[in-house]
Amino acid sequence: MPVDPKDPLLDAALEHVPFDGWGEATFLAAARDVGVSVEDARRTCPRGAVDLAIAYHHRGDAQMLARMNTENLSGMRYSARVAAGVRFRLESVSDKEIIRRGMALFAMPQYTAEGTRLIWGTADHIWNQLGDTSDDINWYSKRVVLSGVYGSVVLFWLGDTSEGYSATWAFLDRRIEDVMLFEKVKAKVREDPVLSKLFALPGAFLKNVKAPSKTQRTDLPGHWAPPSQGEQ
């Protein structure tokens, strides 16, 4: 597996983030610690520490997925497997202060959309890992709801001082049950002869909403593909 060129910079930056945040001071210190020029570091991370913060989040997602692959979740209820994904994601964090600093960064207006995409990506990874096959409006609703759960659990966890974060895991279980209740309510609406008719019109519209295609489009403006060997 190829090594991400950001990894050495990220490893160095993590020593400074709890004190200096995901800012320029951390980026410059990381470049110095690794022994590369600032110019070379910016070639790897054009946005400086912001790119490192994003890489850190992706690293946590990768660790979560690796653990979901190795842990035996087959005997768990589906809701417990969803909760396990969120828990594994939080347990990948070595220092809460790194997350606090990241939340401060992505709360800035210019980075809010980026932070939202990262949380959405985490929820998407969990559902995909659990074998979600929805390809309609449910694809979106599952990820919206789980993104909200993940965000609220992170906030709770940051202030949790209970032993072994037992209060966080109890809070997580309650929130996941809310997700499952939402799914049960939707199923009952579909089965109820009165309610199903009441929601027939909006339901017909929502049936036209499809999940994003997993196949990359090549017929749209702006598409780029590396040249083949014969063209190089």
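The values are calculated or read from the model by the stated rules, or taken from the named source; none is laboratory data. Computed from a predicted model, the values in this text were never measured in an experiment. Reconstructed Cβ throughout: ideal geometry from the backbone, glycine too, with neighbour counts over all protein chains shown.
Assorted remarks:
- Screening Ile99 with (1) more than 21 Å from Val50 (Cα to Cα); (2) surrounded by 14 or more Cβ atoms within 10 Å (Cβ to Cβ) gives one miss only, at (1).
- Test: residue in region 57-76 that is assigned to a helix (DSSP H, G or I), within 24 Å of Ala107 (Cα to Cα), under 23 Å from the mean Cα position of the chain (by Cα) and among the hydrophobic types (A, V, I, L, M, F, W, C): yes
Here is a yes/no grid of residues against (1) surrounded by 15 or more Cβ atoms within 10 Å (Cβ to Cβ); (2) closer than 15 Å to Ala83 by Cα; (3) in contact with a Gly (Cβ under 6 Å, 6 or more places away or on another chain); (4) modelled with pLDDT of 55 or more:
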| residue | (1), (2), (3), (4) |
| --- | --- |
| Gly148 | yes, yes, no, yes |
| Asp160 | yes, no, no, yes |
| Ser166 | no, yes, no, yes |
| Leu195 | no, no, no, no |
| Leu201 | no, no, no, no |
| Lys210 | no, no, no, yes |
| Thr215 | no, no, no, yes |
| Gln232 | no, no, no, no |
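- Flag for Thr26 being without any contact (Cβ under 8 Å) to a residue 40 or more places away in the chain and surrounded by 19 or more Cβ atoms within 10 Å (Cβ to Cβ): yes
- Unmet criterion (only one of (1) exposed (fewer than 13 other Cβ atoms within 10 Å of the Cβ); (2) on the phi > 0 side of the Ramachandran plot) for Gly48: (1)
- Residues in region 81-93 that are aliphatic (A, V, I, L, M) and touching a residue at least 24 places away in the same chain (Cβ under 8 Å): Val82, Ala83, Val86, Leu90, Val93.
- Residue-level check: of (1) part of a helix (DSSP H, G or I); (2) buried (at least 16 other Cβ atoms within 10 Å of the Cβ); (3) among the hydrophobic types (A, V, I, L, M, F, W, C), Ala80 misses just (2).
- Selection of region 111-133 for residues being touching a Phe, Trp or Tyr at 6+ places or on another chain (Cβ under 7 Å) and either surrounded by 14 or more Cβ atoms within 10 Å (Cβ to Cβ) or aromatic (Phe, Trp, Tyr) (or both) yields Glu114, Gly115, Ile119, Thr122, Ala123.
- Residue that is among the aromatic types (Phe, Trp, Tyr), under 24 Å from Ala83 (Cβ atoms) and modelled with pLDDT under 65, where the choices are Phe171, Phe205, Phe182: Phe182
- Members of region 117-139 that are without any contact (Cβ under 8 Å) to a residue 12 or more places away in the chain and closer than 24 Å to Glu71 by Cα: Asn128, Gly131, Asp132, Thr133
- Among residues of region 1-23 that are part of a loop (DSSP other than H, G, I, E, B) and buried (at least 19 other Cβ atoms within 10 Å of the Cβ), those with a beta-carbon under 8 Å from a residue that is β-branched (Val, Ile, Thr) and at pLDDT 95 or above at least six positions away or on a different chain give the pairs His16/Thr26; Trp22/Val50.
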